[in-house]
Amino acid sequence: MYRVTVRQGWDGKETTIHSENMNSVKLLSAKITKDVDSIDSFAFNVSPKSSQYNAFKYRTTFVKVTNTKLGKVLFEGRVLPTTDSMDSSGLFNKTVTCEGLTAFLHDSIQDYYALSNNDLKAFLGHMIDVHNRQVDSYKRIKLGQVTVTSPSDNVYKSIDDSKTTYDTIKEKLIDKYGGEIRLRHEPDGLYLDYMPEIATLSGQNIRLASNLLSLKRAVDPSEAYSVIKPLGARAESKNETGDSEISQPRLTIEAVNNGSSVLSSQSMIQKIGYVVHAEVWDDVKVASILKSKGQAALDSQREIKEQFQVTAIDLSLLTDRMVDSFECGNYHQTINPLMGINERLRIVGQSLDICEPFNSTLSIGDKLLGQADYEALIKKQGEAIDVLKSRVAAQTAKIVTISNEMKTTNEALSSAQKELSSLKTEYDKLIEDIGNKDFKAIMYKLTELENQTTTIITNLGEIGQNVLDLETFKTTQETINTKQETTNEDFEKRILALENGGNK
């Protein structure tokens with residue numbers, strides 16, 4: 001399933017250190033960690049028996065992990081400092097940590113740069129050019145897909161000359177305009193993409209009773225607010241020397257809002273009480289425009305977080321399945337009817353266990369909800385509880401029916417036991433009178449008694465099995481009821497907490 005190779009230097013020959021086809025070549029443990037907002041990492045433990053045990057050199061040894069079934073590279077990067085250890089039993093091993101190729105962007109420092117009226121693609125291209133002038137040839141990068149745009153390209157941009165290229169891209173582009181970066185290793189070199197979201201919709205669903213093992217959902221409305229205080233630009237004033245200084249209070253909306261500096265949402269106040277939030281628009285200098293922006297922000301706030309934690313089996317790992325694999329950044333339709341979940345969720349973090357593939361886990365990103373979404377969620381969870389309660393009621397009715405059937409069955413068992421007792425009495429009486437009866441009459445009576453006994457014994461066996469089946473079914477239903485009642489109580493506590501504006 002997975003192959004791990006190492007090479008000394010960028011163009012070095014690859015040597016296999018882990019493969020599912022070679023019993024003698026195995027890592028003791030190995031795990032890839034991915035996150036849409038950070039650089040991939042790979043950590044593994046290697047035994048002294050490995051021929052490459054002492055071959056891992058800081059930053060010049062390169063490691064690659066390949067999914068051999070899909071023919072896809074899952075990780076490629078360079079070695080960081082290693083650690084040797086010995087456990088209490090005297091066994092040695094080496095821990096190796098690697099960082100993805102995107103870390104190459106940490107190997108260069110940007111020059112001071114300032115300009116205006118420049119689009120983001122050209123701005124990123126400038127940073128890549130500065131990076132390429134400073135690094136080894138194999139670390140040089142070409143500009144790939146750049147589809148993130150700014151509301152206005154006529155914006156002043158500057159670069160600090162003390163930060164790495166990676167930190168500069170993060171600060172000047174991602175933090176300000178959003179989006180994600182990806183470094184691709186193609187046959188003709190490295191390419192850097194900058195896109196609003198690097199993701200696709202996967203064809204593999206995460207579904208209850210299929211590949212979903214566990215799912216936890218928490219809704220956090222703690223950042224929601226019911227009152228907003230819009231703040232605009234600061235006014236400039238002149239000091240005694242005639243120079244401009246900015247030290248005045250910010251523009252507020254009192255002049256156009258009946259003397260009040262805030263805007264309120266009565267529906268949100270009823271939900272969470274008075275919670276005031278300040279929002280600043282540095283470029284707004286007109287009170288009426290500031291009020292409009294504040295009202296729009298209050299009406300459209302999406303500060304309620306819906307968080308998911310998922311454990312699921314990647315069906316692409318199974319030899320008879322040809323489905324999309326789990327990949328960090330991709331969306332998967334996630335379905336759990338008992339929790340009222342049927343949503344398209346994105347994997348924002350992933351842990352891939354190379355040695356134990358089915359121990360891999362997924363992290364699902366926060367989903368921001370608006371007020372309408374929040375109320376719909378509470379309603380949906382309430383409906384899920386009603387469904388569970390109906391199931392419990394139906395199962396309880398089944399238990400009552402089973403109890404009645406068991407009573408009837410026990411009565412039949414008692415009757416059969418009485419019949420056997422009566423037959424034994426007839427057998428005993430026949431033996432006592434055997435000297436006074438003719439042989440033909442005795443044989444007729446014995447045959448009759450034998451047939452009756454066989455019938456009763458057969459009935460007893462069926463009755464006994466029926467009793468066992470009913471007892472087992474009843475116990476199972478009672479166990480299911482107990483679990484679902486616990487689930488109901490948990491749902492009700494969570495919904496109560498949500499309605500009270502708390503975290504759960």
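The values are calculated or read from the model by the stated rules, or taken from the named source; none is laboratory data. These figures come from a predicted structure and were not determined experimentally. In this analysis, Cβ positions are derived from the backbone assuming ideal geometry, glycine residues included, and neighbour counts consider all displayed protein chains. Each accessible area value is taken on the protein alone, full model and side chains, heavy atoms only, with ligands, DNA and RNA left out. Shrake-Rupley method; radii C 1.70, N 1.55, O 1.52, S 1.80 Å.
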* Asked: Between Ile313 and Trp10, what is the label-to-label distance in nm when each label sits 7 Å out along the Cα-to-Cβ direction?
  -> 4.3 nm
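Rolling a 1.4 Å sphere over the protein heavy atoms, what is the accessible area per residue of region 243-292, to the nearest Å²? Intermediate values should be presented prior to the final figure.
Details: 3310 Å² over 50 residues.
For region 243-292, the solvent-accessible area averages 66 Å² per residue.
What accessible area per residue comes out for region 79-120, rounded to a whole number of Å², with a 1.4 Å probe?
Values: 2110 Å² over 42 residues.
Ligands and nucleic acids excluded, the figure is 50 Å² per residue.
Find out how many positive minus negative residues lie around Val46, taking Lys and Arg as positive, Asp and Glu as negative, among other residues whose Cβ is under 12 Å from that of Val46.
On the way: positive: Lys26, Lys49, Lys94; negative: Asp84.
That sum, taken over residues with Cβ under 12 Å, equals +2.
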* Asked: Separation of region 62-104 and region 1-21 by C-alpha centroid, Å?
  -> 10 Å
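Full-extension gain between His106 and Leu338, please, as 0.36 nm times their residue separation minus the C-alpha to C-alpha distance.
Working: separation 232, 0.36 × 232 = 83.52 nm, distance 4.66 nm.
That works out to 78.9 nm of additional length.
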* Do the alpha carbons of any pairs in Lys69/Lys163; Lys72/Lys163; Lys157/Lys271; Lys163/Lys291; Lys142/Lys176; Lys57/Lys121 sit beyond 32 Å of each other, and which pairs? -> Lys69/Lys163; Lys72/Lys163; Lys157/Lys271; Lys163/Lys291; Lys57/Lys121
* To do: Starting from the residue with the highest accessible area, list Met339, Met1, Met127 in decreasing order, probe 1.4 Å.
  => Met1, Met339, Met127
* Structure fact -> Computed ³J(HN,Hα) along region 196-208: with the Karplus parameters 6.51/-1.76/1.60, θ = phi - 60°, integer Hz and x for glycine or proline, the list is x, 7, 9, 7, 9, 8, 6, x, 9, 7, 9, 10, 4
* To do: Indicate the gyration tensor shape class of region 1-119 (rounded, prolate or oblate), computed on the Cα atoms with a ≥ b ≥ c the square roots of the eigenvalues: a/c under 1.5 is rounded; otherwise a/b larger than b/c is prolate and the rest oblate.
  => prolate
* Asked: In the neighborhood of Gln333, defined by Cβ-to-Cβ distances under 12 Å, what is the net charge if each Lys or Arg adds +1 and each Asp or Glu adds -1?
  -> +1
* To do: Mind checking the full-extension length gain between Thr200 and Asn54? Use 0.36 nm per residue of separation minus the Cα-Cα distance, one decimal, nm.
  => 48.5 nm
* Structure fact -> Phi-derived 3J(HN,Hα) across region 343-349 with the Karplus relation (6.51, -1.76, 1.60, θ = phi - 60°), rounded Hz, x for Gly and Pro, is 9, 8, 10, 9, 7, 9, x
* What is the gain in length, in nm to one decimal, between Lys121 and Asp282 on full extension, counting 0.36 nm per residue of separation less the C-alpha to C-alpha distance? -> 55.4 nm
* Structure fact -> Given backbone amide H placed at 1.01 Å from N, residues whose amide H is under 5 Å from that of Thr61, ignoring those fewer than 5 places away on the same chain, are Gly9, Val79
* Asked: For labels at Ala114 and Asp299 in the simple 7 Å Cα→Cβ model, what's the distance in nm?
  -> 4.1 nm
* Find out how many positive minus negative residues lie around Gln309, taking Lys and Arg as positive, Asp and Glu as negative, among other residues whose Cβ is under 11 Å from that of Gln309. => +2
* **Cubic angstrom per residue, convex hull over Cα atoms of region 51-133** => 169 Å³
